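Novice: If you scroll down you'll find the structure; I have some questions about it.
The values are calculated or read from the model by the stated rules, or taken from the named source; none is laboratory data. All of these numbers come straight from a predicted model, not from anything done at the bench. Cβ placement follows ideal geometry from the backbone for every residue including glycine, while neighbour counts extend to all protein chains displayed. Please note that ligands, DNA and RNA were not included when accessible areas were found on the heavy atoms of the full protein model with its side chains. Shrake-Rupley method; radii C 1.70, N 1.55, O 1.52, S 1.80 Å.
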2 protein chains.
Amino acid sequence: MSHRSSPQLRGRPVAPSTGALTPLGLHDVTITGGFWTRMQDLNATAIIDHAEYWMERVGWIGNFDAAVEGRLPADRQGREFSDSDVYKLMEAMAWEIGRTGDPGLERRFTALVDRIRPVQEPDGYLNTMFGRRGQQPRYSDFEWGHELYCFGHLIQAGVARARTHGHDSFVDIAVRAADHVCDVFGPDGLEKVGGHPEIETALVELGRHTGERRYLEQARLFLERRGHGLLGEIDFGPEYFQDDVPVRAAEVLRGHAVRALYLASGALDVAAETGDTDLLDAVTSQVARTVATRTYLTGGMGAHHEGESFGQDYELPPDRAYSETCAGVGAIHTAHRLLLADGGAEHADLVERVLYNVISASPAQDGRAFHYTNTLHQREPGTEPAQDEPSPRAASSLRAPWFAVSCCPTNVARTLSSLGAYVATTSADGLQVHQYASAHIRADIAGGVEVDVETRYPEDGLVRVRIAATPPEPWTLSLRVPGWCPSAVLRVGEEEREMGPGYADVRREWAVGDVVELVIPLAARWTWPHPQVDALRGQVAVERGPVVYCLESVDLGVDVALAEVVASDAPADDGTIVRVPVRLRERIEATWPYRPEPDAAAAGEVRDVTLVPYHAWANRGPSTMRVWMPVAD
Amino acid sequence: MSHRSSPQLRGRPVAPSTGALTPLGLHDVTITGGFWTRMQDLNATAIIDHAEYWMERVGWIGNFDAAVEGRLPADRQGREFSDSDVYKLMEAMAWEIGRTGDPGLERRFTALVDRIRPVQEPDGYLNTMFGRRGQQPRYSDFEWGHELYCFGHLIQAGVARARTHGHDSFVDIAVRAADHVCDVFGPDGLEKVGGHPEIETALVELGRHTGERRYLEQARLFLERRGHGLLGEIDFGPEYFQDDVPVRAAEVLRGHAVRALYLASGALDVAAETGDTDLLDAVTSQVARTVATRTYLTGGMGAHHEGESFGQDYELPPDRAYSETCAGVGAIHTAHRLLLADGGAEHADLVERVLYNVISASPAQDGRAFHYTNTLHQREPGTEPAQDEPSPRAASSLRAPWFAVSCCPTNVARTLSSLGAYVATTSADGLQVHQYASAHIRADIAGGVEVDVETRYPEDGLVRVRIAATPPEPWTLSLRVPGWCPSAVLRVGEEEREMGPGYADVRREWAVGDVVELVIPLAARWTWPHPQVDALRGQVAVERGPVVYCLESVDLGVDVALAEVVASDAPADDGTIVRVPVRLRERIEATWPYRPEPDAAAAGEVRDVTLVPYHAWANRGPSTMRVWMPVAD
């Protein structure tokens, strides 16, 4: 086995060996200011610590000690998949150590490795839930046991460590786990798949790191096996874990949203490494239909609480939007892979939308409480969640410190710590900037390019790119014009060009100090639903740049159920505060909610009411909230 | 113990000893023609047979044989509550035997009794799921075990038998079961409640039959114990089984809809027998708010698939309406008890609405397939359910022959066979007719009243009541004018009166042959949603009399998603067929379902399209369907 440590892999969460674009890693992109610096700081100073604190407190880390000390199953804490949250925390830590080199975090990371290492069995198996006397046997519950899912997250954490630190004893644990999985489930082994995808993408990524084709082959096997009824019957039906139809035969993402998105990511990884363009085309088309018909304005996915699953086409009820934070993470994984595969700007648009309106909406302003689900309409002011014990996951009101199923906080943490890797890519031709933040970007193209990005985006739409290092040969700088922006202005020296959605390309010989400016108009705008989204009929939303806004009762003064907006003029936007004209209806008390005549629209006085960014809602106590507001006549 | 067999109880599913109105039994009211005769015939010739056939086939009846033969748990079939479906079938059979005297059905009933009797243990316990070697111990799972729920249905079946046939060995089984429950859970016994209410109302009814106060007291105890956290934590939270708040402290029905409605019925039974007006007022107010804010146009209850539960106020998505058939049965039980308690016409309105639009919507036209859920909007045509095995319960497309959880078919059967009991009541003052069908009604008031009702309702709105027997003293005939009818015409001899919703009372000295006519205008009408029902904004429905109509793709020719209705004039209604003017939109293909401008309404040609009664939909193969139709500009 050859342990490659190619600079092509360093600091990259995703590193396909083929594709239209080549990723940069988090060592290549340093975010230096603005919105995402604040989020990365929050992650560094609060979220990671908070997740570690809670997993010690509720005993999910302690499960590993209990395993070593022979106290399992008696002392086991948490759900069957709790090991995976420890691994996701370690993945976040690994990226974070790579990003900042924090020595204290390095000590905490290796301390965790020391507690996990002795739990791995001689054959590579590692799980605190199965296989001991008094526990269920290994691999006795593929539907719900999550053993392959836990291995997936362990391996992903190992990949993060390998790509930020290099090979060490933790990477060894991951490699031994992957070897074990291949030994058990290989072509001549158990013909099974896991109920929750994740192992597929993890094995491909480890294969990319080690050069070991066996891991890729195992991922391919898992992928091809799915959709043939190898999983047993469950109440939710086989589509819950995408076992209803083979991956390449499906037409749209369906079933459990996180499972569907993780599987799509794994399929894209396999397609990139095997040159399977049929598979790539199938997943591309599934995702396109999913974005077109099964995605919330926030980029959130998953309309049903039942089974945490996608609804049918255009079935997008704002008041029951499940929109799990982890589905946001999965959507970023899938869209980023599609971007690398085909270079389509729409994939970067989706990444941006999800980052600003799902990932950022989950953590509280202090980084110590989270939304698991991200509803677009809060009908009743929720109540303060428990502060001293895990909450149910779908409380759907105020953010909770921890959940009985707490996949989301660690998923947010690993996303924020690796955020740099989503900012820019390269191709043979040049550098592409997809996400806008003040940043320093180094790219190993044509002998070395460096640029500085300066911007207050998404507060202000001016993006200024200064060339800090360049080879003499010409190369192309590409800046994304978001899909929601009908026309941006590109300035290069004296030249000014109007640019529509897609990439604004500037190809030339560059000199250090050259400046390119992109001006993206951000003014708040009304957004209307497709007529088939019945749940949004007669309602309108407000977006400003990539940020979705909402009306919160704290700003309205009364329950948002009584508000109607006058959408004739554009929303008021002074660059800082967004306001919309609102009329209040009288509350109609009736003994039956159906009526022989339509009610007149609100007729009262119009007043301007402040909207808040959706990601900032529910930070001022219990409230009602809506993203989609009824339109006054 | 005194076994009363008062004529006040005979043939009555519900027989409170106090209240504004006194029920009549199914021996007092013979439905002689029209819609409900057809449904009762369907029940007699198909539904009951079909349910018995399937429960033999899937082994739910065989579980009792397996118990006797010592083959449990190895041979046990079905879910933990499958015994209850056998009892519900027996309740349906008991009412049906009472209604028709069918000797073949009597033989089948007693054959079932012979198979169940030997399973009852010496202390009265009876359940095929618990307590044997290799099974879970008795009363080890109050949250999900359904033991008290099964006892409830056994006792209700016993009550039906007692009130149609008199005391026999099956009633003995029910009495011994009730005694067992009181022995175990009495004031000095186990302080527990069951996860699924049903035992409460059953115990009160058996107490009414036997005069045994202990049963009433036990029901009261169960009721008062609920809402204090005696049930363990479950994922759905304590409101799922109404253990969040004491019954008398709650403000609205919430959680699992069937559980909530069965509990409300039990509370009303206890209130009626104990004179607890606080409890009566509390439940009356909870139901009023539930009807005002949490009920579908069909009368269906339960908005969420997740937990089969009520949504929040005004959260009534038509495309995810769960509206379980059994919740319809529960709503009838609750509303009928409220009607008996306070005589309010709104309760009879709800019974009527649920009968025509939930209960009747469940069985297929041949009585051999059923809807478990009753959605108001079918987005995708659905596929033919399995014909040779039980289906998942919430398939929500075409009706299925049987379900893995098959509570609904037997619940429909017991409702249809006892339907006569919901038609009319008496008071000291006279006779009240609540539901309209051609019928002969005998009432033991003032020495004996008989009337003949002749009507083609709900096809035609003329209801003709002829006095067939009367005492010389004056008494009051009251005919319900439904709440949806602004003005009906009452004719008595030469006299004609306009009557608004409520009861049209005629008090006089009657002679045999006297005729009263009520003319209820039935013409098809538009119905609009309360403005807080966001999911229905910009949409309109059509009702004709008590019958909700819907647009089915079979009639439209294309997917109903493309239809907009022109609601300026009243719907066309020639007395047989209802038509509405429809414009078709072009299908808008877009890569993102949100848009910078609102789309124009459909602008094409207007054509008249036939609507079908909601209860008749999905009888012509896979289709899309909507009750609420977008309104064209």
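Novice: Can you tell me which residue in the stretch A:483-508 is farthest from residue A:344 (Cα to Cα), limited to those that are in contact with a Phe, Trp or Tyr (Cβ under 9 Å, 6 or more places away or on another chain) and not in a strand (DSSP E or B)?
Specialist: A:484
Novice: Between residues in the stretch B:87-110 that are not assigned by TED's automatic domain parsing to the domain that holds residue B:31 and residues that are open to solvent by less than 20 Å² (accessible area, probe 1.4 Å) and modelled with pLDDT of 95 or more, which pairs lie under 8 Å by C-beta distance while being six or more apart or on different chains?
Specialist: Final answer for the pair search is none.
Novice: Do the conditions hold for residue B:511, that is, is it away from chain A (no Cβ under 14 Å), surrounded by fewer than 17 Cβ atoms within 10 Å (Cβ to Cβ), assigned to a loop (DSSP other than H, G, I, E, B) and at pLDDT 95 or above?
Specialist: yes
Novice: Can you tell which of A:372, A:322 is touching a strand residue (DSSP E or B) at 6+ places or on another chain (Cβ under 7 Å), within 14 Å of another protein chain (Cβ to nearest Cβ) and modelled with pLDDT of 95 or more?
Specialist: The conditions single out A:372.
Novice: Select from the stretch B:294-319 the residues that are within 12 Å of chain A (Cβ to nearest Cβ) and free of Cβ contacts under 8 Å to residues at least 60 places away in the same chain and write down the one among them that is most open to solvent (accessible area, probe 1.4 Å).
Specialist: B:312
Novice: I would also like to ask the following. Under the condition of being more than 18 Å from residue B:306 (Cα to Cα), in a loop (DSSP other than H, G, I, E, B) and of a type in the set (Val, Ile, Thr), which residue from the stretch B:233-253 is farthest from the other protein chains (Cβ to nearest Cβ)?
Specialist: B:245
Novice: On the given criteria, is residue B:612 among the β-branched types (Val, Ile, Thr), in contact with a strand residue (DSSP E or B) (Cβ under 9 Å, 6 or more places away or on another chain), in a helix (DSSP H, G or I) and closer than 22 Å to residue B:321 by Cβ?
Specialist: Criteria not met by residue B:612.
Novice: Which of (1) surrounded by fewer than 24 Cβ atoms within 10 Å (Cβ to Cβ); (2) modelled with pLDDT under 95 does residue B:426 not meet, given it meets every other one?
Specialist: (2)
Matching residues to (1) under 20 Å from residue B:337 (Cβ atoms); (2) in a loop (DSSP other than H, G, I, E, B); (3) away from chain A (no Cβ under 14 Å); (4) open to solvent by 30 Å² or more (accessible area, probe 1.4 Å):
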| site | (1), (2), (3), (4) |
| --- | --- |
| B:201 | yes, no, yes, no |
| B:214 | no, no, yes, yes |
| B:219 | yes, no, yes, no |
| B:228 | no, yes, yes, yes |
| B:231 | no, yes, yes, no |
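Novice: Right, something else. Within the stretch B:274-293, track down each residue that is on the phi < 0 side of the Ramachandran plot, surrounded by fewer than 22 Cβ atoms within 10 Å (Cβ to Cβ), more than 14 Å from chain A (Cβ to nearest Cβ) and in contact (Cβ under 8 Å) with a residue 24 or more places away in the chain.
Specialist: B:274, B:278, B:279, B:282
Novice: Scan (1) under 24 Å from residue B:27 (Cα atoms); (2) surrounded by 21 or more Cβ atoms within 10 Å (Cβ to Cβ) for the single condition residue B:102 breaks and write down its number.
Specialist: (2)
Novice: Of everything in the stretch B:332-341, what is in contact with a Ser or Thr (Cβ under 8 Å, 6 or more places away or on another chain) and either more than 14 Å from every other protein chain (Cβ to nearest Cβ) or assigned to a loop (DSSP other than H, G, I, E, B) (or both)? Give them in sequence order.
Specialist: B:332, B:333, B:334, B:337, B:339, B:340, B:341
Novice: What are the residues in the stretch B:282-309 that are within 19 Å of residue A:590 (Cα to Cα) and not β-branched (Val, Ile, Thr), if any?
Specialist: Listed by number, the residues that qualify are B:282, B:285, B:286, B:288, B:289, B:292, B:294, B:296, B:297, B:299, B:300, B:301.
Novice: Scan the stretch B:375-392 for residues that are buried (at least 20 other Cβ atoms within 10 Å of the Cβ) and either at pLDDT 95 or above or not hydroxyl-bearing (Ser, Thr, Tyr) (or both) and jot them down.
Specialist: B:375, B:376, B:377, B:378, B:379
Novice: Got a sec? Which of B:131, B:152, B:124, B:145 is closer than 25 Å to residue B:183 by Cβ, touching a residue at least 24 places away in the same chain (Cβ under 8 Å), surrounded by fewer than 20 Cβ atoms within 10 Å (Cβ to Cβ) and among the small types (Gly, Ala, Ser)?
Specialist: It is B:124.
Novice: Next question. Starting from residues that are under 15 Å from residue B:553 (Cα atoms), within 14 Å of another protein chain (Cβ to nearest Cβ) and assigned to a loop (DSSP other than H, G, I, E, B), keep the ones in the stretch B:623-633 and report whichever is nearest to the chain's Cα centre (by Cα).
Specialist: Only one residue fits best here, namely B:627.
Novice: Give the stretch B:514-531 a look and list any residue that's more than 10 Å from chain A (Cβ to nearest Cβ) and part of a loop (DSSP other than H, G, I, E, B), or say none.
Specialist: Listed by number, the residues that qualify are B:514, B:520, B:521, B:522, B:523, B:524.
Novice: Further question on the same structure: List the number of the failed condition for residue B:210; all other conditions in (1) modelled with pLDDT of 95 or more; (2) open to solvent by less than 30 Å² (accessible area, probe 1.4 Å) hold.
Specialist: (1)
Novice: Kindly indicate whether residue A:433 is at pLDDT 95 or above and not small (Gly, Ala, Ser).
Specialist: yes
Novice: Test residue A:554 against the criterion of being hydrophobic (A, V, I, L, M, F, W, C) and in a strand (DSSP E or B), and give yes or no.
Specialist: no
Novice: Confirm whether residue B:400 is open to solvent by less than 10 Å² (accessible area, probe 1.4 Å), farther than 18 Å from residue A:233 by Cβ and not acidic (Asp, Glu).
Specialist: Criteria not met by residue B:400.
Novice: Of the residues that sit in the stretch A:547-595 and are hydroxyl-bearing (Ser, Thr, Tyr) and open to solvent by less than 60 Å² (accessible area, probe 1.4 Å), which one is farthest from the chain's Cα centre (by Cα)?
Specialist: For the stretch A:547-595, the residue satisfying everything is A:594.
Novice: Still on this model: Testing residue A:607 on (1) within 13 Å of chain B (Cβ to nearest Cβ); (2) touching a Pro at 6+ places or on another chain (Cβ under 8 Å); (3) over 30 Å from residue B:482 (Cβ atoms), one condition comes back false. Which one is that?
Specialist: The single condition residue A:607 does not satisfy is (1).
Novice: If we keep just the residues of the stretch A:392-422 that are of a type in the set (S, T, N, Q) and over 17 Å from residue A:80 (Cα atoms), which is farthest from the other protein chains (Cβ to nearest Cβ)?
Specialist: Within the stretch A:392-422, the match that is farthest from the other protein chains (Cβ to nearest Cβ) is A:417.
Novice: Output the residue which, of all residues in the stretch B:467-482 that are more than 21 Å from residue B:348 (Cα to Cα) and not small (Gly, Ala, Ser), is farthest from the other protein chains (Cβ to nearest Cβ).
Specialist: Among those that are more than 21 Å from residue B:348 (Cα to Cα) and not small (Gly, Ala, Ser), it is B:472.
Novice: Let me ask something additional. Residues A:555, A:559, A:573, A:534: which one is within 13 Å of chain B (Cβ to nearest Cβ), modelled with pLDDT of 95 or more and farther than 27 Å from residue B:633 by Cβ?
Specialist: Just a single option satisfies the conditions, and that option is A:559.
Novice: Within the stretch B:576-593, restricting attention to residues that are outside any loop (DSSP other than H, G, I, E, B) and not aliphatic (A, V, I, L, M), which residue is farthest from the other protein chains (Cβ to nearest Cβ)?
Specialist: Across the stretch B:576-593, the extreme among qualifying residues is B:579.
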